Amino acid sequence: MNVPLPSGDSVFLGMPAIIASEPMRRLMDLVERVARSSATVLITGESGSGKEVVARAVHHFSLRSHRPWVDLSCAALPEHLLESELFGYDKGAFSGADAAKPGLFELAHQGTIFLDEIGELDPKMQVKLLRVLDGVAYYRLGGVKKISVDVRVVAATNQDLEAAVADGRFRNDLYHRLSQFTLRVPPLRQRIEDIAPLATHFLMQQDPRLSFSQAALESLATCSWPGNIRELRNVVTKAAVLARGDLILPDDLPLRAEPPAVNGHARPHTSSNSIEGMERRLIMEALAATGGHQQKAAARLGISRRTLSRKLKSYESEGVRASV
């Protein structure tokens, strides 16, 4: 079913982009400028925040937009299959290789390859990817002829790669090669204006006869959405089933309870109109959702652990602490 998008929104490679909030408008303006360069792009942000939409927008606005777009989740395949998917193989390379198969880098020649969940790459694959990014020709598995490709790499992760580098889980040189330009996708709780149009779009996909009451939209806007857009879509899908009429009411929304206090401390009272207060509230909610684990909380927030630690130190005078 084709559902019309709200006025002013776009579709990037078949994926709709609902953009109403100022943070997302600023991000998309930046995407358009970055897309025209040849720089590799690293997209960071929480799971479900819309990183793939941003990656597709990079290709859409780039000079390669008429060339191939290829995408792969690095967490979806084990190492031996991931290598053959990325670099291909020749006939007889292994049992069952009855014919040659080009890899995704070959298929993306002169276009863009999107590597999602890049933080899941094991060390051996990190080395091989780095060589390709440096322009070194490679062999298919079992191949005897070197292959050179012209591909723009866009990668995404919900992990703190700086922390992964510090822990030795991710190569420092690969991190810097991937992050020639970094785009951070803000979580849904930082772009409240996107919630209502996103929810309405998802509802139209489920049942165009239904609509939200104003009270239901207000209830959606007050949630912290740790699962971001993916969680919002699930809530809307369930609400469409639970609705007792054509108008969805707050009671029809299967919303989760707000996070509990951190280590026995109540969340500090802050004004929702204060930027500092909102930042502090988001940090406390991320810590609550991760049981006070700073590294995991930093990854959810899309910041480094060093930045989070610095923020927390500034709160210590008010008695708010978190575990390591």
**Prompt:** Can you name the residue in the range 224-265 that is modelled with pLDDT of 85 or more and assigned to a strand (DSSP E or B) and is also surrounded by the most Cβ atoms within 10 Å (Cβ to Cβ) among such residues?
**Reply:** Ile248
**Message:** Scan the range 140-147 and tell me whether some residue there is under 16 Å from the mean Cα position of the chain (by Cα) and either closer than 20 Å to Arg64 by Cα or part of a strand (DSSP E or B) (or both).
**Reply:** no
**Prompt:** Which is within 24 Å of Leu72 (Cα to Cα), out of contact with any Gly (no Cβ under 6 Å at 6 or more places or on another chain) and crowded, with 18+ Cβ neighbours inside 10 Å, of Leu203, Leu220, Leu174, Leu210?
**Reply:** Leu174
**Asked** Is there any pair linking a residue in the range 134-160 that is more than 22 Å from Leu81 (Cβ to Cβ) to one that is at pLDDT below 95 and β-branched (Val, Ile, Thr), with Cβ under 8 Å and at least six apart or on different chains, and which?
**Response** Ala137/Ile147; Asp160/Ile303
**Message:** Quick check on my filter: what residues within the range 284-304 are in contact (Cβ under 8 Å) with a residue 60 or more places away in the chain, within 16 Å of Thr157 (Cβ to Cβ) and touching a Ser or Thr at 6+ places or on another chain (Cβ under 8 Å)?
**Reply:** Ala298, Arg300, Gly302
**Asked** Got at least one residue in the range 97-113 being within 28 Å of Ala297 (Cα to Cα) and either of a type in the set (A, V, I, L, M, F, W, C) or outside the structural domain of Lys145 (by TED's automatic domain parsing) (or both)?
**Response** no
**Prompt:** Within the range 174-182, can one find any residue that is assigned to a loop (DSSP other than H, G, I, E, B) and in contact with a helix residue (DSSP H, G or I) (Cβ under 6 Å, 6 or more places away or on another chain)?
**Reply:** no
**Item:** Only listed residue being at pLDDT below 95 and either farther than 30 Å from Ala199 by Cα or outside the structural domain of Gln159 (by TED's automatic domain parsing) (or both), chosen from His80, His66
**Value:** His80
**Message:** Can you tell me how many residues within the range 66-84 are part of a helix (DSSP H, G or I), crowded, with 17+ Cβ neighbours inside 10 Å and in contact with a helix residue (DSSP H, G or I) (Cβ under 9 Å, 6 or more places away or on another chain)?
**Reply:** 2
**Prompt:** So, in the range 85-120, of the ones that are charged (D, E, K, R) and part of a helix (DSSP H, G or I), which residue ends up farthest from the chain's Cα centre (by Cα)?
**Reply:** Glu106
**Request:** Being assigned to a helix (DSSP H, G or I), of a type in the set (D, E, K, R), in contact (Cβ under 8 Å) with a residue 60 or more places away in the chain and under 21 Å from Gln110 (Cα atoms) is the filter here, so list the residues in the range 34-65 that pass it.
**Result:** Glu52
**Prompt:** For the range 10-29, what are the residues that are assigned to a helix (DSSP H, G or I), closer than 23 Å to Gln205 by Cβ and either in contact (Cβ under 8 Å) with a residue 60 or more places away in the chain or of a type in the set (Ser, Thr, Tyr) (or both)?
**Reply:** Met24
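The values are calculated or read from the model by the stated rules, or taken from the named source; none is laboratory data. Here the structure is a predicted model, which is why all the values come from computation and not from measurement. Neighbour counts are summed over all protein chains in view; Cβ atoms, including those assigned to glycine, are modelled from backbone coordinates with ideal geometry.
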